[in-house]
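Trainee: The structure under discussion is supplied below as structure tokens; questions concerning it will follow.
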Amino acid sequence: MTALKRFEVSLYNQQVRDYERKGRVHPSFDTSWADLNFFTFECSTAEEALSQIEKKYPSRKGFVVSQIIEVKEFEFVRPTGVRV
């Protein structure tokens, strides 16, 4: 079994942007979709994350993935001057 990785995805809805540009409101999606929205997905690969995104936010409905990045876990670093 492959270990899960965490991916941060930013996406927006092009249809909502187009409606806003014309001074109208999209009939199905909130105006917040004109801006980037950020979500976290836990998957084995970035391709798997994109597959999950397409199911939940399909491109046929105007959703566009702006960026997908793997979020690395950081090692705990003791702050300077802290004694154990």
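The values are calculated or read from the model by the stated rules, or taken from the named source; none is laboratory data. Predicted model, so just to flag it, every value in this text is computed and none were measured. Methodologically, a virtual Cβ is constructed for each residue, glycine included, from the backbone with ideal geometry; neighbour enumeration extends over all protein chains shown. With ligands, DNA and RNA removed, areas are computed over all heavy atoms of the protein, side chains included. Shrake-Rupley method; radii C 1.70, N 1.55, O 1.52, S 1.80 Å.
Trainee: Quickly run through region 1-27 and pick out the residues that are in contact (Cβ under 8 Å) with a residue 12 or more places away in the chain, farther than 10 Å from PHE63 by Cβ, outside any helix (DSSP H, G or I) and not basic (Lys, Arg).
Mentor: THR2, ALA3, LEU4, PHE7, GLU8, VAL9, SER10, HIS26
Trainee: I'm trying to understand the selection: among the residues of region 35-73, which are within 15 Å of LYS5 (Cα to Cα) and of a type in the set (S, T, N, Q)?
Mentor: THR40, SER44, THR45, SER51, GLN52 - these are the residues of region 35-73 that are within 15 Å of LYS5 (Cα to Cα) and of a type in the set (S, T, N, Q).
Trainee: For region 28-62, which residues satisfy the criterion of being open to solvent by 80 Å² or more (accessible area, probe 1.4 Å), within 15 Å of SER10 (Cβ to Cβ) and not in a helix (DSSP H, G or I)?
Mentor: ASP35, PHE38, THR40
Trainee: Scan region 1-27 residue by residue and report those that are touching a helix residue (DSSP H, G or I) at 6+ places or on another chain (Cβ under 8 Å), of a type in the set (A, V, I, L, M), farther than 10 Å from VAL64 by Cα and open to solvent by less than 90 Å² (accessible area, probe 1.4 Å).
Mentor: Selection gives VAL9, VAL16.
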